[in-house]
Structure formats: structure tokens, C-alpha cells
Amino acid sequence: MQTVAERVEHQLTDKGYVPVYTTRVIEQPWDTYTATDHETWATLFKRQRELLVGRAANEFVENQERFGMSADTIPKFSELNRVLAETTGWELIAVEGLLPELTFFEHLASRRFPVTWWIRKPEQLDYLAEPDLFHDLFGHVPLLLNPVFADYMQAYGAGGVKAAAIAPEALANLTRLYWYTVEFGLIDTPEGLRIYGAGIVSSKGESIYSLESDAPNRIGFDLERVMRTRYRIDTYQKTYFVIDSYEQLIEATRPDFTPLYARLADAASHPAGDVLDSDTVYQRGTGEGWLSDGDV
């Protein structure tokens, strides 16, 4: 492992942010965090925990508490790893920034979850164009204590390695699945719709928007539907897909995807805001504030 931690960030150019990738795994340089870093963690942690009451899936909040996460200081990966090792066998690894897709998949397939070691600056509290420690640790890690979701993440990683060897189109299909589940997924519970996606739970604005705005669609999860649906990276989502359980995810992804990729290769993708006649619709959005282009 490299011992000197670098902060690898996207580069801002005249064409917008350009991703910069890194593959190195390092030791979390916990002793180098500044008072400002810890204060940024505390501000974000307190704000999100208050917002997520009655909005996040119960196990998300409960698992943060099982880890002992608090606003006091940035958690130490070594302490979180002891809890993970005793429950689902996952391990957090510190990375310097955004990983190439195949590298990321290989880590997931081996039950290693990459966490960016550095945290955003105070002026970036409300938005950052790339994953940082708060997004990765606060948003993703709690559900790794859920055995079913932990298995889904490993299966996703193995599927990503396989898709990368098939075709770019297969990888695009699989990326949509990650986006609409792991990052921006909702779950139907006896208490109503709740958030489990890391991209939502780590965002002040989207935590409210995803559940309470009339603008987006909320549609029942269907594997093929999700894999054909484009998404937004620059604004809140036009559509959120709703699972009824984490078991639904693992069951949907258990079969070999090779025949599915072949079928989807000849199928048109759906714009992010479309509602189909075949959809199970929790809410048909008004579309207020939607941009007319930019789906990826």
C-alpha cells in the first residue's frame, strides 16, 4: 500500500468538470485530518441525521449507530472494519479519488468497499461533483451491515467485471442499475416510501425532493426497465425506482445477465422522465423544473 495520501479531484476546465481517476489503495491518513475537516464532517452529519428522521430506511440509521458513527470526529476505517468483519465480511479500503469502473467492480466482487479518504471543503457543503469521504462513508457504508444488501453489492461487482468484458453497452446497462438502486433508490416500507440510496441520503436537497416533491416520477422497480432508463448527473433525478425489499434486488440480479444484454442491445433506451404503460406508478411526476436535455 502507498503510505502518502494524495487528494485526487476532478479538474475544472472550460468544458466543465473532467473526471480524474486513480487506482491506488492507501492507509486512511486519519492523523492528518484538520479541525476544519472534522468540523465539516460534524456539520454534514448533524444536518443529514436530522433530515433523515422519517425519510431514510430504518436500518440505515440503525446501522450507523451500530457502527458508532457520530458527529464527534471523522470515523476511523479500522474501527468500522472490525464491525464489518464480524457481520458481513466486508472491508473498507481508503482510496485517493474516483476509481476506473473495472477497478471498482473488482473491489466490490472481493467484498472491499472503496472510500475516498478526503472530505469536501466547507464551501462545498451542499454540492460536490464527485464522491468524497462524507458521501462514501455516511451514504454507502451503513447498508453494508445488511447481509442481503451486502451480498447484492458483491454480486453487482462480479457482474460488472463480466459486463466489462462483454461490451460497452452492457456496462452502460449495468451502470444504470447501480445508479437507480445503490445511489438513488427508494424502498417501500410499512411506514411508507423511504430512502436507501447513498446519493440521496448524503444530499440535503435530494433527501427532501425525492420523497416530497411532486416533480419526479416514483416507479416500481423492474430490472429490465431500470437498465433501459437514462439518468441525470447534473440535477435531481426525474425518476426514482422503488423496491419492495432488498431481497428483490438480489433475486433480480441472480440470473446470468448475458441473454439480457443481448436483448437490450437491440432495445431503445428510455428518457429519464418517461412513464410507460407497463410501469407500476407510485407517483407520476409533474415534471416541474426538469431540463429538456442532458440525460446520460
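In percent, rounded to a whole number, the relative contact order of the chain is 17, using alpha-carbon pairs under 8 Å and six or more apart. For the chain, the mean projected area of the C-alpha convex hull, equal to one quarter of the hull surface, is 15.3 nm². With a 1.4 Å probe rolled over the protein heavy atoms of all chains, the accessible area of R47, R284 falls in the order R284, R47, largest first. Ranking of E212, E224, E288, E96 by solvent-accessible surface, largest first: E288, E212, E224, E96 (1.4 Å probe, protein heavy atoms only, all chains present).
For W290, the accessible surface of its heavy atoms amounts to roughly 80 Å² (probe 1.4 Å, protein chains only, rounded to the nearest 10). Using the structure shown, select from K204/K238; K121/K204; K46/K76; K162/K238 the pairs with a Cα to Cα distance greater than 21 angstrom. Flagged as over cut-off: K162/K238. From its DSSP helices (H runs of at least four residues, each -39,500 (n - 2.57)), the chain gives a residue-normalised ellipticity at 222 nm of -11000 deg cm²/dmol. Note on V20 and E86: the extension gain reaches 20.3 nm, defined as 0.36 nm multiplied by sequence separation minus the Cα-Cα distance. When I233, I26 are compared by accessible surface with a 1.4 Å probe, the order from highest to lowest is I233, I26. Here E224 and E123 are evaluated by their C-beta separation; at R0 = 45 Å the FRET efficiency comes out at 0.60. The packing ranking of peptides 56-63, 77-84, highest mean first, is 56-63, 77-84, where packing means the average number of other beta carbon atoms within 10 angstrom of each residue. Rolling a 1.4 Å probe over the protein heavy atoms of the chain, with every protein chain left in place, gives an accessible area that is 51 percent carbon and sulfur. V161 sits with roughly 50 Å² accessible to a 1.4 Å probe, with DNA, RNA and ligands left out of the calculation. For K162, neighbours were defined as the other residues whose beta-carbon sits under 12 Å from its Cβ, and their charges (Lys and Arg +1, Asp and Glu -1) total -2. I need the shape label for segment 187-296. Rule: rounded when a/c is under 1.5, else prolate if a/b > b/c, else oblate, with a, b, c from the alpha carbon gyration tensor. Here segment 187-296 falls in the oblate category.
In a fully extended conformation the segment linking R263 and V281 would gain 4.0 nm over its present Cα-Cα distance, using 0.36 nm per residue. Average projection, convex hull of the Cα set of segment 25-84: 4.8 square nanometres.
This model, with +1 at the C-beta of Lys and Arg and -1 at the C-beta of Asp and Glu, gives segment 137-296 a dipole about its Cα centre of some 300 debye.
The values are calculated or read from the model by the stated rules, or taken from the named source; none is laboratory data. Only a predicted model underlies this, so the values are computations on that prediction, with no experimental measurement involved. Because the Cβ atoms are built from the backbone with ideal geometry, glycine has one as well, and the counts that use them run over all protein chains shown. Heavy atoms of the whole protein, side chains included, go into the accessibility calculation; ligands, DNA and RNA do not. Shrake-Rupley method; radii C 1.70, N 1.55, O 1.52, S 1.80 Å.
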